[in-house]
Structures are given as structure tokens and as C-alpha cells.
Amino acid sequence: MLSTFKAYFQGERDLFERLAIRLKAFFAGIPYELSDETERHYQVIFYLVFRLMGQFVETEVRSAKGRADAVVKTRDHIYVFEFKLHGAAEEALKQIAEKGYLEPYATDPRKKVKVGVDFSKEKRNIDRYLFEEERRG
């Protein structure tokens, strides 16, 4: 998983699919008795996976209009994640835009990427994800 993660976050966006597949496999291996069926459950696991891989990640990142569920910063990119439990990945992307979660990074020269992730209670896993690179204005 680490090599896939490092390659993607060094700019090889085509590897995102492989990273998502590995994250899904990780979530699938968690016994159902340990799931408390909350968005926070998935957020904590996401945080732990990234931290264990040695990647900088913050959760509950506050800004003027709200808070992003997670922010991952790499040498070349800033990824803002919004998680939805039984929601929609599109809804998560819309929230990132409407709440201006990328605005605090406007002067940062790195590329900014919004990532919306929908978790399913029934599957106890990632149901769908979307990502969108912010256009430089």
C-alpha cells in the first residue's frame, strides 16, 4: 500500500484507483462488531492509515465557514477530504466548495484537490469517491 500511496501523492493521479482499492480492502477486513456506524468511525480509520504510512494528515480542519473532515498535504498537492456516511460523493464535493475549505490555502503554490468520499453503512466500506482538482484562478 505504501508504494502505491507514495506514487499517487507524488503526482501520479492514475494510481488513485489502486489506492482506493487497497483502502476498500482494508475497510473490508475490519470485523463488523468493531463498526459503530458513524462517519467518525471511518474518519478515524482513514486518519490512522495515513499516519501509519508516514503521511501528514489533519482531521477536523477548521476554517471561517466550517471544517473539513481531513486534509492531506504533500510536496506538490493539498487534498481536502469530505466524508459522507450514506450520503453522496457529489454532496461532499459541493460542501468543500460552498464552505470554502480550500480558501485558507489560496496563497499556497501547491495544487489543490477536493475529494468527496461516500461511506456505506450496509457495506461498511467506501461506496463511492470523486476528486476534482481546483482550477488556479
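Each row is one residue, and each column tells you yes or no for (1) over 21 Å from residue 132 (Cβ atoms); (2) touching a Pro at 6+ places or on another chain (Cβ under 9 Å).
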site	(1), (2)
21	no, no
36	yes, no
46	no, no
63	no, yes
71	no, no
81	no, no
88	no, no
- Looking at region 80-90, which of its residues are surrounded by fewer than 17 Cβ atoms within 10 Å (Cβ to Cβ) and modelled with pLDDT of 90 or more? 88, 90
- Note on the structure: Taking region 61-71 and the residues there that are crowded, with 17+ Cβ neighbours inside 10 Å and not acidic (Asp, Glu), the one that is nearest to residue 99 (Cα to Cα) would be 68
- Message: Quick check on this structure: which one of 48, 93 is exposed (fewer than 14 other Cβ atoms within 10 Å of the Cβ), under 22 Å from residue 125 (Cβ atoms) and at pLDDT 85 or above?
- Response: 48
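Residue-wise test of (1) free of Cβ contacts under 8 Å to residues at least 40 places away in the same chain; (2) surrounded by 13 or more Cβ atoms within 10 Å (Cβ to Cβ).
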| residue | (1), (2) |
| --- | --- |
| 23 | no, yes |
| 28 | no, no |
| 59 | yes, yes |
| 73 | yes, yes |
| 78 | yes, yes |
- Checklist (1) closer than 16 Å to residue 20 by Cβ; (2) crowded, with 16+ Cβ neighbours inside 10 Å applied to residue 123, failing item: (2)
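The values are calculated or read from the model by the stated rules, or taken from the named source; none is laboratory data. These numbers come from a predicted model, not from an experiment. Glycine also receives a Cβ, built like all others from the backbone with ideal geometry; neighbour counts cover every protein chain displayed.
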